[in-house]
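Undergrad: My structure is below; once you've seen it, I'll send some questions.
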Amino acid sequence: MTKQKPTIHYAVRGGFDAASRSPEAMRHWRAADGLSADAALSSTVRHIVISRARYECANNGYADGIIQTLAEDAVGTGPRLQLFLSDAPDAQNREKAMRAAMQRREMRFRDWTEQIDLTEKLKLARIAKARDGEVFLRIVRNPVIEGAAKFDITLFEAEQVGSRIVSEYADFYEDGTVKEFDGIEYDRFGNPAAYRFWKVHPGATGIGFITDDSVLIPADKVIHYAHIMRPGQHRGLSEIASTLNIFNDLRRYTNAVLSAAETAAEISFLLHTNAPADADEPENSSPIKFMDVVELVRNAGLALPEGWDASQMKTEHPQDKYVDFVDAKIAEAARPLSMPFAIAKGDCSKSNYASGRLDHQIYHRKIFGERKRIERNILNRILREFESFDMIAFPADYKDENFILHSWMWDGFEHVDPVKEANAQATRLANRTTTLAEECAREGKDYEFVLRQIAREAALAAELGLIAPAAAAPAAGNADENDDQQEEKE
């Protein structure tokens with residue numbers, strides 16, 4: 001028998017490069033800490049980030065354009081209330097009578113939103129959340145409003161909500177729930193109970209806090225719309241906090257390129273000599289001194305002194321890389337917002353058909369998610385407040401409230417290929433994988449209004465002796481084939 005060789009076991013030691021304590025790693029992560037969410041986002045830290053974000057948006061066209069576009073795409077022409085009946089049998093039996101009441105309620109709510117300009121306030125709130133990290137909406141009385149609902153929505157910046165005594169240490173209940181953090185008081189279950197508002201904006205006088213004049217507002221009259229990133233975080237952080245340096249790099253690089261170009265353009269030529277600088281210059285030496293400026297006459301020759309040469313100044317600045325640098329920085333700056341480069345820069349020249357569709361799908365998912373947050377945190381709260389006034393003035397329209405549900409309709413997004421989308425929509429409706437209500441909601445339309453409008457047009461066409469256009473059969477196969485050919489070309 002042959003002897004078996006002994007098995008040698010080697011100890012394998014693994015680790016994480018991110019946990020390395022090498023000097024290079026320690027220098028790179030020297031600003032990392034183990035602070036909690038609230039401790040890391042103290043009022044001092046947040047106000048510094050807010051002021052710098054506002055400054056950058058006010059002085060950087062790309063930063064301002066990205067934030068403005070984000071708000072326009074999210075809110076659009078504004079949300080529209082749609083009331084509908086539940087699937088309960090009793091509701092379906094009384095549908096006709098209840099539908100008229102729902103239409104009256106929708107009309108009154110629409111009139112109220114137009115009076116207070118709710119759409120523009122939602123856009124401003126979206127801008128503040130992206131730039132500042134948060135915004136506060138207060139429900140306030142406004143007797144000027146026409147109708148039963150005599151209230152308005154007022155927006156307040158982040159600095160106008162704060163604790164009476166600025167402290168880095170929060171007070172807690174026995175179970176660890178925070179009692180108050182930077183102007184927001186909580187009950188023992190962690191629900192906001194009240195908000196402390198400064199009557200005057202701390203920056204209104206230009207010298208910061210000079211008084212202790214504040215008011216405590218109940219939480220049911222305040223809506224806190226904030227960008228929350230960590231568990232236990234109670235105040236919002238700017239959505240562009242991670243990219244503020246990038247916007248700054250854009251402006252610095254642009255100024256550097258411009259300065260280099262201006263310098264090269266202003267200095268037409270350089271005069272130089274190999275003669276050593278000597279304090280005891282001979283009498284016949286050149287009168288040209290160090291850093292003298294020599295003016296030229298247009299279309300004239302140039303006679304140089306003895307021992308002097310003239311040369312054209314060459315710019316060594318890599319101006320040809322300017323566009324690539326800007327594009328890379330804009331793409332990185334827009335990434336936290338899930339905004340594609342083409343929208344962030346406003347330039348689709350580098351996009352093809354397929355990449356444009358994929359980029360917009362990611363962006364639209366971000367928009368849809370933000371709209372749901374607006375519905376849940378803002379619109380539903382506002383609707384409850386409105387109905388508390390409206391049902392007192394019009395009780396008959398609320399007698400069947402248990403059978404009525406609501407949803408919010410937003411502007412839809414246009415498809416890059418309308419023909420293909422129309423064929424796909426017709427296919428979905430034909431095989432009953434969707435409904436007309438869902439398809440209309442994608443485009444921000446009320447399906448009942450669409451059907452009634454179609455009926456009115458058909459009746460008018462029949463009255464005038466016109467032939468209504470027949471519905472064209474979907475050519476799904478041809479559309480798909482054309483689409484594939486288009487993608488191959490791109």
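The values are calculated or read from the model by the stated rules, or taken from the named source; none is laboratory data. Remember, it's a predicted structure, so these values are computed and weren't measured experimentally. Note that we place each Cβ from the backbone using ideal geometry, even for glycine, and neighbour counts take in every protein chain shown.
Undergrad: Exactly one of (1) touching a His at 6+ places or on another chain (Cβ under 7 Å); (2) in a helix (DSSP H, G or I); (3) not aliphatic (A, V, I, L, M) is unmet by S242. Its number?
TA: Unmet for S242, out of (1) touching a His at 6+ places or on another chain (Cβ under 7 Å); (2) in a helix (DSSP H, G or I); (3) not aliphatic (A, V, I, L, M): (1).
Undergrad: Might you check whether a residue that is touching a helix residue (DSSP H, G or I) at 6+ places or on another chain (Cβ under 9 Å), farther than 25 Å from A40 by Cβ and of a type in the set (F, W, Y) occurs anywhere in the range 104-112?
TA: Narrowing the range 104-112 to residues touching a helix residue (DSSP H, G or I) at 6+ places or on another chain (Cβ under 9 Å): 104-105, 108-109, 112.
Then drop every residue that is not farther than 25 Å from A40 by Cβ, which leaves 104-105, 108-109, 112.
Among the residues that remain, those that are also of a type in the set (F, W, Y) are: 109, 112.
Taking every residue of the range 104-112 in turn, at least one turns out to be touching a helix residue (DSSP H, G or I) at 6+ places or on another chain (Cβ under 9 Å), farther than 25 Å from A40 by Cβ and of a type in the set (F, W, Y).
Undergrad: Looking at this structure, is F84 buried (at least 21 other Cβ atoms within 10 Å of the Cβ), in contact (Cβ under 8 Å) with a residue 60 or more places away in the chain and more than 16 Å from the chain's Cα centre (by Cα)?
TA: No: the conditions fail for F84.
Undergrad: Do we have E120 as in the same structural domain as N380 (by TED's automatic domain parsing), surrounded by fewer than 16 Cβ atoms within 10 Å (Cβ to Cβ) and touching an Asp or Glu at 6+ places or on another chain (Cβ under 8 Å) here?
TA: no
Per-residue answers, yes or no, for (1) modelled with pLDDT under 80; (2) small (G, A, S):
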position: L405; (1), (2): no, no
position: M409; (1), (2): no, no
position: D417; (1), (2): yes, no
position: R432; (1), (2): no, no
position: A476; (1), (2): yes, yes
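Undergrad: Out of curiosity, is T154 closer than 30 Å to E56 by Cα, surrounded by fewer than 16 Cβ atoms within 10 Å (Cβ to Cβ) and hydroxyl-bearing (S, T, Y)?
TA: Considered against the rule, which asks whether it is closer than 30 Å to E56 by Cα, surrounded by fewer than 16 Cβ atoms within 10 Å (Cβ to Cβ) and hydroxyl-bearing (S, T, Y), T154 comes out as yes.
Undergrad: Look at the range 140-172 and say how many of its residues are over 28 Å from the mean Cα position of the chain (by Cα), at pLDDT 90 or above and part of a loop (DSSP other than H, G, I, E, B).
TA: Total meeting the criteria: 9.
Undergrad: Using the structure shown, decide if A130 is assigned to a helix (DSSP H, G or I) and within 22 Å of N377 (Cβ to Cβ). So that I can check it myself, show each step before the final result.
TA: Values: assigned to a helix (DSSP H, G or I): yes; within 22 Å of N377 (Cβ to Cβ): yes.
Yes, satisfied.
Undergrad: Within the range 416-431, can one find any residue that is in contact (Cβ under 8 Å) with a residue 12 or more places away in the chain and outside any helix (DSSP H, G or I)?
TA: Checked against the condition, which is being in contact (Cβ under 8 Å) with a residue 12 or more places away in the chain and outside any helix (DSSP H, G or I), the range 416-431 yields at least one hit.
Undergrad: Look at R442 and say whether it is surrounded by 14 or more Cβ atoms within 10 Å (Cβ to Cβ), basic (K, R) and free of Cβ contacts under 8 Å to residues at least 40 places away in the same chain. Can you show your working first?
TA: Working: surrounded by 14 or more Cβ atoms within 10 Å (Cβ to Cβ): yes; basic (K, R): yes; free of Cβ contacts under 8 Å to residues at least 40 places away in the same chain: yes.
Against the criterion (surrounded by 14 or more Cβ atoms within 10 Å (Cβ to Cβ), basic (K, R) and free of Cβ contacts under 8 Å to residues at least 40 places away in the same chain), R442 qualifies.
Undergrad: Separate question: Residues that are farther than 30 Å from E95 by Cβ: find the helices (runs of 4 or more DSSP H) completely inside the range 320-406 holding 2 or more of those.
TA: 322-334, 341-345, 353-374
Undergrad: So, restricting to helices (runs of 4 or more DSSP H) that lie completely within the range 14-122, which ones have at least 2 residues that are of a type in the set (F, W, Y) and at pLDDT 85 or above?
TA: Fully inside the range 14-122 and qualifying: 95-116.
Undergrad: I've got another one for you. Just wondering, is there one or more residues in the range 333-355 that are out of contact with any Pro (no Cβ under 6 Å at 6 or more places or on another chain), closer than 23 Å to S242 by Cα and of a type in the set (F, W, Y)? Before you say what the answer is, go through the steps one by one.
TA: Keep residues of the range 333-355 that are out of contact with any Pro (no Cβ under 6 Å at 6 or more places or on another chain), which gives 333-355.
Right, trim to closer than 23 Å to S242 by Cα and you get 333-346.
Now narrow it down to the ones that are of a type in the set (F, W, Y): 341.
Yes, that holds for at least one residue.
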